[in-house]
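Presented below is the structure to which this report refers.
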Amino acid sequence: MGRIQAFFHYLTHLEWTERVQTNCTFCDRSKFEANIVYEDENFLAINNRRKAGLHHWLIMPKTHKWRDIEGLAYEDAHLVQSMVRLKDKLLEKHCSTVSPTDIHTGFHRGRRILFGDMYWPDIVSIHHLHMHVIVKPRFWIKFFKYPSWLPLMWKSEKQVERELNKGSREGAKR
């Protein structure tokens with residue numbers, strides 16, 4: 001019963017209007033220092049505090065230029081490609097024997113206008129672009145919180161890459 005209540009609480013507290021975060025958790029290193037699993041000059045990968053599987057990493061650029069995937073343009077395709085390469089590096093190091101079918105990777109959908117000042121629910125809890133990598137995800141969490149079956153809430157990294165590359169080809173045609 002508690003899980004059902006928690007799910008309905010989650011649904012009823014989605015943001016239907018624009019929400020602006022003034023303090024970014026991912027820009028304050030002291031909030032996740034102990035959870036860093038990888039760092040280079042451009043990217044960080046951290047353990048998610050609320051693991052949805054055996055491993056649950058968040059991969060993000062260090063710069064706070066992008067709020068979510070909705071703000072990406074075709075010029076940013078290299079950013080997502082770099083995040084995917086980092087995902088592959090982490091998987092090779094920590095989970096080389098795990099089947100690709102046991103890895104769930106993608107982004108929560110961000111702010112999109114529904115009409116007027118109404119937006120689709122803002123699924124992104126921290127407004128700093130980040131990609132989830134979940135190894136051996138727990139079924140119910142994957143199904144409801146990271147749902148590949150519901151594009152309103154979630155996009156895989158492959159979908160995002162495809163859309164950015166499509167935009168790149170369309171831009172080249174103009």
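The values are calculated or read from the model by the stated rules, or taken from the named source; none is laboratory data. This structure is a prediction, so every number in the text was calculated from the model and none was measured. Because the Cβ atoms are built from the backbone with ideal geometry, glycine has one as well, and the counts that use them run over all protein chains shown. Areas reflect the complete protein model, heavy atoms only, side chains present, ligands, DNA and RNA absent. Shrake-Rupley method; radii C 1.70, N 1.55, O 1.52, S 1.80 Å.
Suppose we keep just the alpha-carbon trace of the chain; what are its Rg and Dmax in angstrom?
Rg, Dmax (Cα atoms, Å): 16.4, 55.
With a 10 Å radius around each residue's Cβ, average the other Cβ atoms per peptide and rank 122-129, 34-41, highest first. If you can, show how the numbers build up before the last one.
Numbers: 122-129: 19.6, 34-41: 11.5.
Result, highest mean Cβ count within 10 Å first: 122-129, 34-41.
Mind checking the per residue accessible area of the chain for me, 1.4 Å probe, whole number of Å²?
Values: 10470 Å² over 174 residues.
Dividing the accessible area of the chain by its residue count gives 60 Å².
Per DSSP helix of 4 or more residues, -39500 (n - 2.57); summed, then divided by the residues of the chain. What does that give at 222 nm, rounded to the nearest 500? The partial results should precede the final answer.
Numbers: 4 runs with 53 residues, N = 174.
Computed mean residue ellipticity for the chain: -9500 deg cm²/dmol.
Report the Cys residues of the chain lacking a disulfide-compatible partner, meaning no second Cys Cβ under 4.7 Å from their Cβ.
Cysteines of the chain left without a disulfide-compatible partner: CYS95.
Considering the dipole of the chain built from charges on the beta carbon (Lys and Arg +1, Asp and Glu -1) around the Cα centre, which of HIS78, GLN159, ILE36 is farthest to its positive end?
GLN159
What FRET efficiency comes out for the pair LEU150/GLU75, r = Cβ-Cβ distance, R0 = 35 Å, nearest 0.05? Spell out each step's value before the answer.
Working: r = 28 Å, r/R0 = 0.80.
FRET efficiency, LEU150 to GLU75: 0.80.
Compute the FRET efficiency between LYS65 and ASP88 as 1/(1 + (r/R0)^6), taking r as their Cβ-Cβ distance and R0 = 22 Å, and round to the nearest 0.05. Could you put the intermediate results ahead of the total?
Numbers: r = 23 Å, r/R0 = 1.05.
Calculated transfer efficiency: 0.45.
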